[in-house]
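The values are calculated or read from the model by the stated rules, or taken from the named source; none is laboratory data. Just so you know, these numbers come straight off a predicted model, no measurement behind them. Here the Cβ is made from the backbone with ideal geometry for all residues, glycine too, and neighbour counts use every protein chain on show. What goes into the accessible areas is simple: the full protein's heavy atoms, side chains included, and nothing from ligands, DNA or RNA. Shrake-Rupley method; radii C 1.70, N 1.55, O 1.52, S 1.80 Å.
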Amino acid sequence: MPSFNRRRILAGFAGCALEGVMGLPAASASEAAYDLVIVGAGGAGLTAACIALGAGARRVAVLESEPVVGGSSAICGGLWAVSGTELQRKLHIQDSDERFYQDILEIGQHRNSEEQVRAYIDNNRRQFNWVRSTLGIEARTVVPGAGVERAHAMNPRALVAGLYRRARSMGADIFCSMRAGTLDQDRRSGRICGCQAVKGGKIYNFKSRAGVVLATGGFGRNRAMLAAFSPRMRFVSSISAQGSRGDGLRMARSVGAGLSDMQYLRGSYAFTLNPSTVDDMTLISYYGAVIVNSDSHRFVDESLPYQKIADSVLMQTGGRSWLVFDEKIRKEALAHPFDRHLWEPLSRGRVPSYVIRGRTLKEAAGAAGLDPVELQKSIDAYNVSLKGGHPPRGKLSNADPALLPVAEPPFFIMPATVCLLGTYCGVTIDGHARVLDRKGHVIPGLWAAGEVTGGLHGTTFIMGTGFSKAQVFGRIAALDAIAGAKS
Ligand SMILES: Cc1cc2nc3c(=O)[nH]c(=O)nc-3n(C[C@H](O)[C@H](O)[C@H](O)COP(=O)(O)OP(=O)(O)OC[C@H]3O[C@@H](n4cnc5c(N)ncnc54)[C@H](O)[C@@H]3O)c2cc1C
């Protein structure tokens, strides 16, 4: 996994912000008319702009509340879950659309909107290949997610920058520091026909022939909204982009939109303490590390999806946990791009502050503040059960080496925490990305795409389905909106 940090990202997008602001047509700014207005310039919004322009829209406005475009899409891990790709075939990975469809439903415990899952599967590879052929961006590798290696590692920053450039070159007006706040609804027909936004204290009216696509991302940065939907999430760290305030959700609610999956709001595991970027996340429990609580006891099946592990961790005393592993497991993790940067310094004799090393397990436990005797007992029991051929975990969802004993010195312990990457629940949409009201009726002229929506994931999201959902439903929303405007 390449190392991204906020400063580099901001530097990368500084030009975009300037261009976007300069693109503001000053004379017509306070009342501008468009074929389509898109709120939010992350993966979903920028994709919608490109696809709408490609489908025949002539004037498209993208409103972005922040000084820079990109949202969480630009700072994410870049994992894009998609089935049946050329890369999978090249690597002899067995997968199919039908298997992916079933996995989403199974992991989501069939609480998903099947219509959304079908639409996502039907359009996913098409959008993925569009990114490859139109933006020239290829996956570097594929990592496991829900049993199958289908999370394709893309460079998210390059991808979003490519979308931005493409949208601009096709003629989109992208307005940065322009925060949308209210939807305009025709009193007689109930149709959404534009929105109001604020920039520098001044109000702008954006009229739209087709309507509005909400692509405002999640609400990971809105503590009050998090507490309202899941009190235990209130104190969990969030590294979502700053614009993840739930504005789109509020706007959609104000015109009667329904909500989906709100009860399944979940964090992600495992992060170093006080995380600030996705680089502070490790998947080492999938490569063999054992997870213990403050009593030094195992309490969870380490092969579960990382959101489910997060739930269990939050139920432990103080919401605390530790990852315990040995040199062999560290080397296994080194072979995987997602984790390499975390464990590579140890190869050079450097012990980073987020991990403790000991010549013996007991030494490491003492330094980590865990009970050395209890930890030794837990690990011994774990190793013995491996030898007996009865893996102490349930279904193994990842690579085979995950069933390694913790036995080869030196030993390592990392205090690990839960963090919110995204909120993965929100406005109810149908398979055409049309926003539905609380009774399931379409709100005419309103579409939503990406993290602002709920329904695709059900109880648990699969790694790589957030980034892809944004772009796939950005495509779907744009095509539906423009087809409707033409007819
Ligand atoms: C650190 C991190 C790592 C992640 N890693 C992965 C991963 O590897 N794979 C995966 O599948 N998912 C991942 N996710 C989740 C995934 O990145 C997001 O769910 C997805 O990219 C969201 O895309 P989006 O377009 O819906 O929202 P965003 O990309 O967040 O874009 C929304 C945009 O709307 C803007 N906006 C908000 N309100 C307004 C308003 N009122 N007016 C105008 N503009 C507004 C925001 O500023 C933002 O630019 C990760 C998330 C984070 C934070």
For a test of understanding, tell me how many lysine pairs in the stretch 272-419 have Cα atoms under 25 Å apart, given they are 8 or more places apart or on different chains.
14
Rounded to whole angstroms and listed largest first, the alpha-carbon spread of the stretch 272-419 along its three principal axes comes to 36, 32, 30
Pop a pseudo-label 7 angstrom from the Cα along the beta-carbon direction at both Gln242 and Met315 and give the gap in nm to one decimal.
3.8 nm
Kirkwood Rh, the stretch 421-462, all Cα pairs: how many Å?
10.6 Å
With Cβ to Cβ distances under 10 Å as the rule, what net charge do the other residues near Gly171 carry (K, R +1; D, E -1)?
+2
Net charge, Val418 excluded, C-beta distance under 11 Å - Lys, Arg +1, Asp, Glu -1
+2
Val213: net charge of surrounding residues, Cβ under 12 Å, Lys/Arg +1, Asp/Glu -1, itself excluded?
0
Computed on Cα atoms only, the convex hull of the chain has an orientation-averaged projected area in nm² of 22.3 nm²
How large, in Å, is the stretch 40-116 by the Kirkwood hydrodynamic radius built from its alpha-carbon pairs?
15.6 Å
Using 0.36 nm times the number of residues separating Glu327 and Asn274, minus their current alpha carbon distance, what extension gain do you get?
16.6 nm
Compute the length gained on full extension between Arg118 and Glu138: take 0.36 nm times their separation in residues and subtract their Cα-Cα distance, giving the result in nm to one decimal.
4.7 nm
For the chain, what is the calculated [θ] at 222 nm in deg cm²/dmol (nearest 500), taking -39500 (n - 2.57) for each run of four or more DSSP H residues and dividing by its residue count?
-10500 deg cm²/dmol
Return one whole number: the accessible area per residue of the stretch 286-398 in Å², for a 1.4 Å probe.
44 Å²
Loop-only check: which trypsin sites (Lys or Arg not before Pro) in the stretch 225-290 are DSSP coil with at most 14 other Cβ within 10 angstrom?
Arg234
Membrane-span-like helices (DSSP H runs, Cα span along own axis at least 30 Å, mean Kyte-Doolittle at least 0.0) in the chain -> 465-486
At 1.4 Å probe size, what's the solvent-accessible area of Thr277? Round to the nearest 10 Å².
30 Å²
With R₀ set to 25 angstrom, the calculated FRET efficiency between the beta-carbons of Asp371 and Val351, to the nearest 0.05, is 0.70
Roughly what would the spin-label model give for Gln109 and Arg232, points 7 Å off Cα along C-beta, in nm?
1.2 nm
Quick one: of the DSSP bridges fully inside the chain, what percent are antiparallel, nearest 5?
65 percent
Taking the simple approach of a point 7 Å from Cα along Cα-to-Cβ for both His341 and His297, what is their distance in nm?
3.7 nm
Two-decimal Rg/Rh of the stretch 226-292 from alpha-carbon positions, Kirkwood Rh?
1.06
Would you work out what percent of the accessible area of the stretch 272-419, with all protein chains in place, is carbon or sulfur (probe 1.4 Å)?
54 percent
